[in-house]
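Peer 1: Mind having a look at this structure? Questions to follow.
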Amino acid sequence: MKTGLVLEGGGLRVLFSTGIMDVMMEHGIRFDGIIGVSAGATMGCNYKSEQPGRSLRYNMNMADDWRYCSLKSWIRTGNLVGAEFAYHTLPLEIDIFDNITFTRNSTDFCVVCTDTATATPVYHRVETMNHEGLEWLRATASLPIVSQAVNIGGFKLLDGGIADSIPLKYWQSEGYQRNIVILTQPAGFRKKRTKLMPVFHLFCRKYPAIVKAMARRHKMYNAQLDYIQEEAKKGNTLILCPEKPLRIGRTEMNRQKMQDIYQAGRDYARQHIDEIKEFLATE
């Protein structure tokens, strides 16, 4: 039975997930496949490249660099997170992404994006982090309004969380029948309809399908929460999530908060590491 790791997004809340992943890496835990959405993918790729600590390090080191993530970047380039700097210069020149290990590692790695024409999910297996692979990472994390859509694979793509926020069902359909799902919201969380619909209508009017998807995203997300809970009751899914809300904005460049969120993930993983190992060892 193939084991999978499912990573939802949530901007810098995903540092909680990386804390868990780093502890699992330190314990030698491997998965047959990893699927990530948005920041879940951009940070989760470090699991396959076997680089614990990298996600926290580069976020903290780049916190004051406007080219990485800033209002200035959005005004100048149309992307709050710098398209060229964050997704190419950083991993290739500053905090080097280990593409050799990533490519050699047999673990499948899949990202989820959203087709702007239809607001349906696009799933793509990234086999190497060349220029195209890095662009797939950019696509999965390109939030509407604050990011330009990414043209790749014959699609014009935005953030995967619009169409499939917690892709457990898809990953199961691909043969990963024993999965760990890491969430960035605490148990009992329910998403509410966004209050930003007037903004989406204004800034995303050239993507009407995206506007409609954002209006119903809370329903999709909550249905997925219900689904993973049902799968957990069956014993084939283990849910890992914070014990309380993670008090950090999606793009909040506060180093102390980053460190605290990451440490919360590490502490959680240490508390649950025996449960994680037992779950993965069960046939």
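Peer 1: Please compute the length gained on full extension between residue 190 and residue 106, using 0.36 nm multiplied by the number of residues separating them and subtracting their Cα-Cα distance.
Peer 2: 26.7 nm
Peer 1: Return, for the Cα atoms of the chain, the radius of gyration and Dmax in Å, separated by a comma.
Peer 2: So, for the chain, Rg and Dmax equal 17.5, 53 Å respectively.
Peer 1: I would also like to ask the following. Once you have a ≥ b ≥ c as the square roots of the Cα gyration tensor eigenvalues for region 14-57, tell me rounded if a/c is under 1.5, and otherwise prolate or oblate according to whether a/b is larger than b/c.
Peer 2: Because a/c hits 1.5 or more and a/b fails to exceed b/c, region 14-57 counts as oblate.
Peer 1: Using a Förster distance of 25 angstrom, determine the FRET efficiency expected from the C-beta separation of residue 259 and residue 72, and round it to 0.05.
Peer 2: Plugging the Cβ-Cβ distance into 1/(1 + (r/R0)^6) gives 0.55.
Peer 1: OK, next. What does the charge count around residue 168 come to, taking other residues whose C-beta lies under 13 Å from its C-beta (Lys +1, Arg +1, Asp -1, Glu -1)?
Peer 2: -3
Peer 1: Further question on the same structure: From the square roots a ≥ b ≥ c of the eigenvalues of the alpha-carbon gyration tensor of region 82-173, which class results: rounded (a/c under 1.5), prolate (a/b over b/c), or oblate?
Peer 2: Since a/c reaches 1.5 but b/c is at least a/b, the shape of region 82-173 is classed as oblate.
Peer 1: Using just the helices of the chain, give the 222 nm mean residue ellipticity in deg cm²/dmol: DSSP H runs with n ≥ 4 each add -39,500 (n - 2.57), and the total is spread over all residues, rounded to 500.
Peer 2: -13500 deg cm²/dmol
Peer 1: Something else now. Please give the length that would be gained between residue 223 and residue 151 if that part of the chain were fully extended, namely 0.36 nm times their separation in residues minus their C-alpha to C-alpha distance (nm, one decimal). Spell out each step's value before the answer.
Peer 2: On the way: separation 72, 0.36 × 72 = 25.92 nm, distance 2.96 nm.
That pair, residue 223 and residue 151, stretches by 23.0 nm at full extension.
Peer 1: Binned at 10 Å from 0, what are the whole-percent values of the Cα-Cα distance distribution for region 140-283, short to long?
Peer 2: The calculated distribution, bin by bin, is 10, 31, 35, 21, 4, 0.
Peer 1: In nm, give the distance between the simple-model label positions of residue 127 and residue 30, each being 7 Å from the Cα along the Cα-to-Cβ direction.
Peer 2: Modelled inter-label distance: 2.0 nm.
Peer 1: Also, I was wondering about something else. Taking the simple approach of a point 7 Å from Cα along Cα-to-Cβ for both residue 205 and residue 275, what is their distance in nm?
Peer 2: If labels sit at residue 205 and residue 275, their model points lie 4.9 nm apart.
Peer 1: On to the next question. Of the peptides 236-245, 187-196, how do they stack up when ordered by the mean number of other Cβ atoms within 10 Å, highest first?
Peer 2: In decreasing order of mean packing, 236-245, 187-196 become 236-245, 187-196.
Peer 1: What's the long-distance tail for region 222-262, i.e. % of Cα pairs beyond 11 Å?
Peer 2: Every Cα pair in region 222-262 considered, those over 11 Å come to 71 percent.
Peer 1: Can you compute the modelled spin-label distance between residue 169 and residue 252, with each label point 7 Å from Cα toward Cβ, in nm?
Peer 2: 3.2 nm
Peer 1: Now for a separate question. Given Cα positions, please report Rg to Rh for region 30-109, the hydrodynamic radius being the Kirkwood one.
Peer 2: Rg/Rh: 1.01.
Peer 1: Which of the pairs 72/212; 169/277; 195/277 have their Cα atoms more than 32 Å apart in this structure?
Peer 2: Exceeds cut-off: 195/277.
Peer 1: Kindly provide log₁₀ I(q)/I(0) values, in the same order as q = 0.13, 0.17, 0.24 Å⁻¹, from the Debye equation applied to equal alpha-carbon scatterers of region 129-200.
Peer 2: -0.56, -0.90, -1.19
Where a number appears in this text, it was derived from the coordinates with a stated rule and is not lab data. Predicted model only: the values in this text are computed from it and were never measured. Reconstructed Cβ throughout: ideal geometry from the backbone, glycine too, with neighbour counts over all protein chains shown.
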